[in-house]
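**Q** Here's a structure for you.
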Amino acid sequence: MTAAQSSPSRSGLLEKLMAAVRPEFRLDILIPDQTDPVLGWRFCAVSGCDRPAHDYEMCKGHGLRWRRTPGRPNRASFLAAPGPPLRGRSEPASCTVPGCRYGTSGQGLCSRHRDRWQRAGRPNPASWAATAAAVDAVDHAECRLPFGALWADNNDDGLCKSHKARWRGAGSSDAEEFVADCERHGTAFIDFRGLAPQVKLELQYAIQSRHDEQTVTLPLHVASWTINRVKESGVGSLLDRSADQWRQMARSRHPKPGWERFRTRSETFLIYARDAVESLRDGTGWDVEYPREIWRLHKLNGLKYSAARPQARIQLRFDRIT
Ligand SMILES: [Zn+2]
Ligand SMILES: [Zn+2]
Ligand SMILES: [Zn+2]
């Protein structure tokens with residue numbers, strides 16, 4: 001445990017956070033209201049897509065597919081023919097025997113039909129499947145996940161072969177949680193899971209503060225980017241790093257051209273979050289600023305800095321005067 005973690009000011013901060021973060025923000029998964037003025041979002045412009053729009057009013061998946069389409073058609077033509085459902089939303093392949101909707105286990109056949117095909121001496125699988133006795137759908141339960149119509153492999157967990165494999169691949173977490181994760185994948189939500197308890201509250205507090213101020217919008221992907229970077233850093237509190245350290249970390253990411261605006265917004269929110277937590281811990285006002293080497297005038301009531309231009313923060317520096 002570091003000195004910062006055991007310091008009395010830090011435990012005082014935890015109490016303040018517990019008192020400040022309201023139940024609607026103190027969640028592992030926050031699903032913001034679509035019409036919220038700060039956290040609101042729109043659906044992807046591709047018709048039928050249930051994911052939130054990012055750039056060009058498309059979800060991440062469709063945006064990527066559009067950008068990777070050879071010759072990159074104009075947006076309208078892409079929207080008119082966006083291709084098959086995105087991964088995670090498409091129907092997994094089913095057995096090719098007529099009527100059979102079990103998942104395949106090679107040769108286009110489910111494990112039951114594959115056994116029979118092997119016993120039949122492995123003829124051409126497609127012609128064998130076409131002539132096999134059709135299967136009746138009665139007594140077969142469908143997979144619990146809504147993205148395909150495959151039959152569940154057994155009645156215990158209610159998952160089809162393909163989703164069961166994915167569940168095992170995900171480390172076989174709780175089946176309910178896996179189903180919820182699959183249904184949620186790519187949709188509009190903010191995931192606070194995997195953060196240490198205090199820093200989780202800090203980020204919830206920062207999002208709540210942005211929400212309450214109603215001055216700057218907070219796009220979902222900006223909030224998620226910030227949470228993921230904090231998660232990666234493994235800190236127990238945003239205050240474990242200075243604003244400059246966070247800024248450097250933010251700038252070391254997103255080398256890709258075209259992402260400058262997103263990076264600026266993400267960096268701004270990260271610094272905002274640290275600032276909000278620090279102000280909660282220390283309070284704000286002249287009493288707090290007066291003893292400091294640098295007076296942060298934006299922390300004083302009545303002096304607001306422009307959130308769009310965070311570098312325009314107003315400071316009076318005494319640390320450079322001998
Ligand atoms: Zn989409
Ligand atoms: Zn089959
Ligand atoms: Zn399934």
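The values are calculated or read from the model by the stated rules, or taken from the named source; none is laboratory data. Every value quoted in this text rests on a predicted model; they were computed, and no experiment measured them. Here the Cβ positions follow ideal geometry from the backbone for every residue, glycine too, while neighbour counts run over all protein chains shown.
**Q** May I ask you to say which residue of Asp153, Asp181 is more than 16 Å from ligand 1 (Cβ to nearest atom), outside any helix (DSSP H, G or I), of a type in the set (D, E, K, R) and surrounded by 12 or more Cβ atoms within 10 Å (Cβ to Cβ)? So that I can check it myself, show each step before the final result.
**A** Details: Asp181 fails: outside any helix (DSSP H, G or I).
Result of the check over Asp153, Asp181: Asp153.
**Q** Let me ask something additional. With the structure loaded, tell me whether Asp55 is modelled with pLDDT under 90, away from ligand 3 (no atom under 16 Å from the Cβ), surrounded by fewer than 20 Cβ atoms within 10 Å (Cβ to Cβ) and charged (D, E, K, R) or whether it fails that test. Before the answer, list the steps.
**A** On the way: modelled with pLDDT under 90: yes; away from ligand 3 (no atom under 16 Å from the Cβ): yes; surrounded by fewer than 20 Cβ atoms within 10 Å (Cβ to Cβ): yes; charged (D, E, K, R): yes.
Criteria met by Asp55.
**Q** Let me confirm something: among Leu159, Leu150, Leu79, Leu86, which residue is closer than 28 Å to Thr187 by Cβ, of a type outside the set (Phe, Trp, Tyr) and in contact with a strand residue (DSSP E or B) (Cβ under 6 Å, 6 or more places away or on another chain)?
**A** Leu150
**Q** Something else: Can you tell me which of Thr104, Thr96 is away from ligand 1 (no atom under 16 Å from the Cβ), of a type in the set (Ser, Thr, Tyr) and in contact with a helix residue (DSSP H, G or I) (Cβ under 6 Å, 6 or more places away or on another chain)?
**A** Numbers: Thr104 fails: in contact with a helix residue (DSSP H, G or I) (Cβ under 6 Å, 6 or more places away or on another chain).
Answer to the check: Thr96.
**Q** Using the structure shown, decide if His140 is surrounded by 19 or more Cβ atoms within 10 Å (Cβ to Cβ), free of Cβ contacts under 8 Å to residues at least 60 places away in the same chain and within 14 Å of ligand 2 (Cβ to nearest atom). Quick ask: steps written out before the conclusion?
**A** Values: surrounded by 19 or more Cβ atoms within 10 Å (Cβ to Cβ): no; free of Cβ contacts under 8 Å to residues at least 60 places away in the same chain: yes; within 14 Å of ligand 2 (Cβ to nearest atom): yes.
Taking the combined requirement at face value, the residue does not satisfy it.
**Q** May I ask you to say which residue of Pro98, Pro82, Pro92 is modelled with pLDDT of 90 or more, closer than 30 Å to Ser224 by Cα and assigned to a loop (DSSP other than H, G, I, E, B)?
**A** On the way: Pro98 fails: closer than 30 Å to Ser224 by Cα; Pro92 fails: modelled with pLDDT of 90 or more.
The conditions single out Pro82.
**Q** Can you run down the residue pairs with Cβ atoms below 8 Å, 6 or more apart or on separate chains, where the first is in segment 31-50 and within 12 Å of Leu220 (Cα to Cα) and more than 9 Å from ligand 1 (Cβ to nearest atom) and the partner is assigned to a loop (DSSP other than H, G, I, E, B) and of a type in the set (D, E, K, R)?
**A** Gln34/Arg42; Leu39/Asp33; Gly40/Asp33
**Q** Within segment 158-171, identify whether any single residue is surrounded by fewer than 12 Cβ atoms within 10 Å (Cβ to Cβ) and within 16 Å of ligand 2 (Cβ to nearest atom), and answer yes or no. Don't jump to the end; show me each part of the working.
**A** Narrowing segment 158-171 to residues surrounded by fewer than 12 Cβ atoms within 10 Å (Cβ to Cβ): 168-169, 171.
Pick out the ones that are also within 16 Å of ligand 2 (Cβ to nearest atom) and you get none.
Looking through segment 158-171, none of the residues is surrounded by fewer than 12 Cβ atoms within 10 Å (Cβ to Cβ) and within 16 Å of ligand 2 (Cβ to nearest atom).
**Q** While we're looking at this one, here's another question. Of everything in segment 240-298 that's part of a loop (DSSP other than H, G, I, E, B) and at pLDDT 95 or above, which residue is farthest from the chain's Cα centre (by Cα)? Walk me through how you get there before you give the answer.
**A** Residues of segment 240-298 part of a loop (DSSP other than H, G, I, E, B): 241-242, 252-259, 283-285, 290-293.
Applying the additional criterion that residues be at pLDDT 95 or above yields 241-242.
Details: Arg241: 23, Ser242: 25 Å.
Among residues in segment 240-298 that are part of a loop (DSSP other than H, G, I, E, B) and at pLDDT 95 or above, the one farthest from the chain's Cα centre (by Cα) is Ser242.
**Q** If you don't mind, another one. Suppose we filter Gln208, Gln198, Gln204, Gln214 for residues that are of a type outside the set (A, V, I, L, M, F, W, C), under 17 Å from the mean Cα position of the chain (by Cα) and under 21 Å from Leu17 (Cα atoms); which single one remains? Break it down into steps so the answer makes sense when it comes.
**A** On the way: Gln208 fails: under 17 Å from the mean Cα position of the chain (by Cα); Gln198 fails: under 17 Å from the mean Cα position of the chain (by Cα); Gln214 fails: under 17 Å from the mean Cα position of the chain (by Cα).
Answer to the selection: Gln204.
**Q** Now a separate question. Any residue that is in contact with a Phe, Trp or Tyr (Cβ under 7 Å, 6 or more places away or on another chain) and buried (at least 21 other Cβ atoms within 10 Å of the Cβ) - is there at least one of those in segment 188-196?
**A** Narrowing segment 188-196 to residues in contact with a Phe, Trp or Tyr (Cβ under 7 Å, 6 or more places away or on another chain): 188.
Adding the requirement that they be buried (at least 21 other Cβ atoms within 10 Å of the Cβ) leaves 188.
Among the residues of segment 188-196, at least one is in contact with a Phe, Trp or Tyr (Cβ under 7 Å, 6 or more places away or on another chain) and buried (at least 21 other Cβ atoms within 10 Å of the Cβ), which makes the answer yes.
**Q** I need the full set of residues from segment 129-150 which are closer than 17 Å to Ala93 by Cβ and not in a loop (DSSP other than H, G, I, E, B), in order please.
**A** Ala129, Ala130, Glu142
**Q** Within segment 105-113, is even one residue under 24 Å from Ala180 (Cα atoms) and under 32 Å from the mean Cα position of the chain (by Cα)?
**A** Filtering segment 105-113 for residues under 24 Å from Ala180 (Cα atoms) gives none.
No, every residue in segment 105-113 fails to be under 24 Å from Ala180 (Cα atoms) and under 32 Å from the mean Cα position of the chain (by Cα).
**Q** Please count how many residues of segment 197-220 are crowded, with 17+ Cβ neighbours inside 10 Å and either in contact with a Pro (Cβ under 8 Å, 6 or more places away or on another chain) or part of a loop (DSSP other than H, G, I, E, B) (or both). Spell out the reasoning first.
**A** We begin by selecting, within segment 197-220, every residue crowded, with 17+ Cβ neighbours inside 10 Å; these are 198-211, 218-220.
Right, trim to either in contact with a Pro (Cβ under 8 Å, 6 or more places away or on another chain) or part of a loop (DSSP other than H, G, I, E, B) (or both) and you get 218-220.
The number of residues fulfilling the criteria is 3.
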